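Data block below; observations after.
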Amino acid sequence: MALQRIKAILFQDSISFTYLKHIHAHLLRLHLNQNHYLLNKVLKSAFHFCRPDYATAVFSHTHEPNMFLYNTMIRGLVSNDCFNQSIDYFHSMRKEGFLPNNFTFPFVLKSCARNMDFGLGVSVHSLVVKVGFDCDVFVKTGLVGFYAKLENLEDAHKAFDDIPEKNVVSWTSIMSGYIGVGKFKQAIDLFRKSLEMGLRPDSYTLVRVLSACSRLGDLGSGEWIHKYVVDIGMGRNVFVNTALVDMYAKCASMEKARAVFEEMLERDIVTWGTMIQGYASNGLPKEALEMFNGMQKQNLKPDCYVMVGVLSACARLGALELGEWASSMMDMNEFTSNPVMGTALVDMYAKCGKMDVAWEVFKVMKVKDLIIFNAVICGLAMTGHVKAAFSCFGLVEKCGLKPDDNTFLGLLCGCTHAGLVDDGRCYFYGMSLFYSLAPTIEHYGSLVDLLARAGLLDEAHEIILSMPMKANSIVWGALLGGCRLHKDTQLAEHVLKQLIELEPWNSGNYVLLSNIYSANQKWDESENIRSIMNEKGITKVRGYSWIEIDGVVHEFLVGDTYHPMSDKIYAKLVDVAKELRAEGYVPTTEFVLFDIEEEEKEHFLGCHSEKLALAFGLISTKENAVIRIVKNLREAKKEATGMYLESSGILDALTKVYSPSFNLHLTYQEVLNWRSCKLKFKLYKYIEQIKAVLTFRSVDRMVLFPWRKSKY
């Protein structure tokens, strides 16, 4: 009677680990602890509760274990990622004289694959043939997975072709092999072939093939698979839907990713993290933080993937307080022990101008890999600490790490902003001579930018003409910026022709040439450019500026009157203008050009979006508080990093920056100190253009500004 009761309990899935130990104690008291059938159930239950240590202890007290117990141990250890132990039990089983069967080989081969033990795997393959399991579909599938994992696609395909009746696991194994070696198109083709043979894929197969579409950026195939998923009735599977969201996000189709997300009845933390990362990586930080707010309403705790996306969004918005609040949701040890999270935190602090804090985070990181070194080097470079960036580069080599493309990109960025032409040349040519790294188009673009800013326009042009790849709009744009800075209209016209050919829809190309003509009093030519834009229907991108005050990000447009404090903001601008005039300030009309035509309509130069943001910062912060302004447009006048501007031009100077978007910070006292000879403005370079912004209240929730609701 007791035996029947114990069997019934062991067959229940709802028992706890504590209760399992009580049952085991009963077996000992009843002298049933050597019953192979009951021990097998105990072992399986122990592995189910992720207690391989307990299962090992139970097995060690078994006097005469049979084949079934060995198979249970090997399978359980593999399922708990104890691959070395599973192989040890395989060897023990062989010493006891047991021959492995079709339940043994697949798991042993999986252990060999995970341990990257090619020699043992081949030996197991030989044993498979000797004992006559070379035609078993499960064993053959295990061989396919083993060879595919070790990137031996030739042998993997031989094993796959030998399978008489291929099942879904067989097809998924060979597809995974192609994905593992980067042959994503072939993996998708294999999926199509499997469907032609009448195979119905499971959720894991669909997730794998969708990952191939993501890596390849094949939106067309992804959409076709999406339609197939719906047709076969798997549209509600959370894993498949999350893979679809990820595919659309990585193919830069966030609208479709959001549509799939909204239709999901069940969403886990991975789904939310995929959406947040998707928005952040596609240059939509506002939407990323909005999604993060929605996740919080579901009482979900952020994981590593979510936190990286949130910090990335905060970095692009220059939202320091918001980023600090978000990072406080996780223990600091999680950042210091996880290189990915640590790098995201370092990057956020660096891009928000807190390089000292970024450096402190870097120092306490338990593992310093090349990625976090690159983040620090780029952070130091963009915040004007160029010599420190060079020293950090030396530390990379002392740590035995080999610099990569991104390392030199950060160094070149620092040289560009500091105007260190000779150092920039050394790093550019040294990366191929001493590190066997071929410069990419990004490195050429940085070198061209460096030379163009320094006035070496002919050399910069020669670099472009001698590039091994065709120059893109970014490279030509760097040279065009130098032409404007040094008023070389002849070369600028040539550059603009290249730019218009590459991107005829980009208003910035026309705007910059018009500015060059205007700065040289060539008003007819400037007007002609304006006419060309009108004829082609090209409109100028509107300028946005954002400022974070007390954890809330505020958005300003040119001539903005939507803000609740607009009256006070404009009053502050009037007061500042009066004080400037009293000090003898005369507005610089050299840059009252075509690119600010919209702002001319709004009291000429008085209503720049960044001026409004600065005025709001002045009336909303205390003395010595730091004001950070982020802008979305790329314009140019002087050096972007560590540049000095005359105090009389403090407001107008805010519009003249190189970066695609920038983060400016200065103390309240510096802003008020109009009488000082010079003021130092630190500008921090961002990678992508910021398109929108939202408010985020760090205490409770995130909401859009009421006066902006109609826009979104």
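Some values worked out for this structure:
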{"quantity": "Test: LEU491 is open to solvent by 50 Å² or more (accessible area, probe 1.4 Å) and either modelled with pLDDT of 95 or more or in contact with a Leu (Cβ under 9 Å, 6 or more places away or on another chain) (or both)", "calculated": "no"}
{"quantity": "Selected residue (only one of GLY424, GLY445, GLY379 is open to solvent by less than 50 Å² (accessible area, probe 1.4 Å), free of Cβ contacts under 8 Å to residues at least 40 places away in the same chain and touching a Cys at 6+ places or on another chain (Cβ under 8 Å))", "calculated": "GLY424"}
{"quantity": "Criterion violated by LYS44 - all others in (1) under 23 Å from THR141 (Cβ atoms); (2) buried (at least 21 other Cβ atoms within 10 Å of the Cβ); (3) in contact with a Ser or Thr (Cβ under 7 Å, 6 or more places away or on another chain) satisfied", "calculated": "(2)"}
{"quantity": "Single unsatisfied condition, LEU451 versus (1) open to solvent by 10 Å² or more (accessible area, probe 1.4 Å); (2) assigned to a helix (DSSP H, G or I)", "calculated": "(1)"}
{"quantity": "Qualifying residue in the range 349-359 (condition: under 23 Å from GLY400 (Cα atoms) and modelled with pLDDT of 90 or more)", "calculated": "yes"}
{"quantity": "From VAL168, VAL137, VAL207, VAL238, residue being buried (at least 19 other Cβ atoms within 10 Å of the Cβ) and β-branched (Val, Ile, Thr)", "calculated": "VAL207"}
{"quantity": "Within the range 606-630, considering residues that are in a helix (DSSP H, G or I) and of a type outside the set (Gly, Ala, Ser), the one most open to solvent (accessible area, probe 1.4 Å)", "calculated": "ILE619"}
{"quantity": "Odd one out for PRO339, checked against (1) open to solvent by 30 Å² or more (accessible area, probe 1.4 Å); (2) over 19 Å from the mean Cα position of the chain (by Cα); (3) in contact (Cβ under 8 Å) with a residue 24 or more places away in the chain", "calculated": "(2)"}
{"quantity": "Residue check for LEU216: crowded, with 21+ Cβ neighbours inside 10 Å and under 20 Å from the mean Cα position of the chain (by Cα)", "calculated": "no"}
{"quantity": "Single match in GLY410, GLY394 (criterion: outside any loop (DSSP other than H, G, I, E, B) and touching a helix residue (DSSP H, G or I) at 6+ places or on another chain (Cβ under 7 Å))", "calculated": "GLY410"}
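For every residue, the table says whether it meets (1) part of a loop (DSSP other than H, G, I, E, B); (2) over 18 Å from ASN338 (Cβ atoms); (3) open to solvent by 40 Å² or more (accessible area, probe 1.4 Å).
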| site | (1), (2), (3) |
| --- | --- |
| LYS286 | no, yes, no |
| ASN293 | no, yes, no |
| ASN299 | yes, yes, yes |
| VAL306 | no, no, no |
| ALA313 | no, yes, no |
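The values are calculated or read from the model by the stated rules, or taken from the named source; none is laboratory data. Just so you know, these numbers come straight off a predicted model, no measurement behind them. No Cβ is skipped: glycine too gets one built from the backbone with ideal geometry, and neighbour counts run over all protein chains shown. The accessibility values were calculated without ligands, DNA or RNA, using every heavy atom of the protein model including side chains. Shrake-Rupley method; radii C 1.70, N 1.55, O 1.52, S 1.80 Å.
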